[in-house]
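Here is the structure we will look at.
The values are calculated or read from the model by the stated rules, or taken from the named source; none is laboratory data. Remember, predicted model here, so these are calculated numbers, not experimental data. Here the Cβ positions follow ideal geometry from the backbone for every residue, glycine too, while neighbour counts run over all protein chains shown.
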Amino acid sequence: MSSAFVRSVPLRRSLNGLALIGLLTVAVFFTTSCERRPAKLRWKLEPGKTYVYRSEVAGNWRIEGWEKGERGGEFGNLIETEMSVLGIGSDSAFRIREAINLIREGQEFEPTIVTYSMAPDGRLYGMSEVGIGSAPRSIPSRERREYRKQYFEQTQPTYPDRELKPGETWVQETKVVLDDRVITTMNQFDVKGWEKVGSYLCLRIDYQGESFVPYESEGRNLLEHGKVRGSIWFAPQEGLPVQQRDSFYVSTARIVPEGEKPPSTYVVQSVRLYQLVEIR
C-alpha cells in the first residue's frame with residue numbers, strides 16, 4: 001500500500017463526515033422551520049361537493065335541586081352531518097345546506113335541515129332551519145333557530161385575518177344581553193403545532209371557553225351556561241377542519257334575579273369526537 005493512499009483515507013473520511021453533518025443540519029433546520037412555519041386558516045369549500053362529518057358523543061345527565069328528588073342517567077349518540085355547498089355568493093361566502101342525522105340501530109329519523117352562509121374565516125350568518133326532523137330534542141322546534149344562531153355565534157371559531165404559527169393565541173368575545181344584565185363570554189384559542197391526522201397535515205388549536213344562551217321553553221325563560229375545552233385539527237392546504245375533540249359541561253336553569261338560586265338545574269357532561277369521514 002502506497003503512502004499516498006494511506007494519507008488519503010483520513011481526508012476522505014473527514015469529507016464524508018462533513019457531508020453527513022451538513023445533511024443533518026439541513027434536516028434539523030427543515031424540521032424546525034416546518035414545525036414553526038405559519039399558515040392562514042381559511043375554509044376552502046367547493047360548490048357542488050358534500051363534506052360528511054361524524055360525531056361520537058357520550059356523557060351523563062342529572063337534575064339538581066328538583067323538588068321530586070335528583071334524577072340522572074347516561075347517554076351515547078352517533079350523529080352524521082352532511083355539509084352540502086350550494087354555491088359561493090358575491091361576498092365570497094359559502095351558501096351551505098346542512099343535514100344533521102341522528103343514527104341509532106333499529107331506528108330511523110328525519111334529519112334536521114339548516115341553511116346558512118359562512119365566510120371563509122368561519123363566521124356564520126343568515127342561519128335558518130328549514131326542516132326540524134323527527135329526532136328527539138330537548139328544545140322545542142320554534143326556539144331552535146334562535147338558540148342555534150346564538151350558540152354558533154359564541155362557539156364557532158372565527159379565524160384571524162393573519163398567518164398563525166405555533167405559540168400564538170387569539171380571543172373571541174361575545175356580549176349576551178339579558179333583561180337585567182349583560183354577560184360577556186370569552187373563548188381562547190391557542191395554536192399548539194403541526195400534527196398529522198390520517199393523510200392530512202394539520203395545525204392543532206387548543207381552546208377553552210364558555211357560552212350563555214338564553215331561550216324560552218313552555219313559557220319559561222331559561223339560560224344555558226356551557227363550558228368547553230378541546231382541540232381542533234385544521235388542514236390549511238385543504239381548508240378544512242378534519243378532527244375535533246372536546247369535553248362539555250352544560251347547565252340549564254330558569255333565569256332568576258342575579259344572586260338567587262333557580263328551583264332546579266339540568267346538568268349535562270359529555271365528551272365528543274368529531275371527524276371528517278368523506279368528501280363526495
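Mind counting the residues in the stretch 41-74 that are assigned to a strand (DSSP E or B) and free of Cβ contacts under 8 Å to residues at least 60 places away in the same chain?
Adding up the residues that qualify gives 4.
Kindly indicate which of MET186, MET118, MET127 is in contact (Cβ under 8 Å) with a residue 60 or more places away in the chain and of a type in the set (A, V, I, L, M, F, W, C).
The match here is MET118.
What's the number of the condition ARG280 fails, among (1) touching a strand residue (DSSP E or B) at 6+ places or on another chain (Cβ under 8 Å); (2) closer than 20 Å to PRO120 by Cβ?
So ARG280 meets the others, but not (2).
Identify all residues within the stretch 176-206 that are touching a Pro at 6+ places or on another chain (Cβ under 7 Å), modelled with pLDDT of 95 or more and surrounded by fewer than 19 Cβ atoms within 10 Å (Cβ to Cβ); write none if there are none.
LYS192, GLY193, listed by residue number.
Table: residues versus (1) under 24 Å from VAL57 (Cβ atoms); (2) in contact (Cβ under 8 Å) with a residue 40 or more places away in the chain.
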site	(1), (2)
TYR147	yes, yes
GLU153	yes, no
ASP161	no, yes
LYS165	no, yes
ARG181	no, yes
VAL191	no, no
LEU201	no, no
LYS227	yes, no
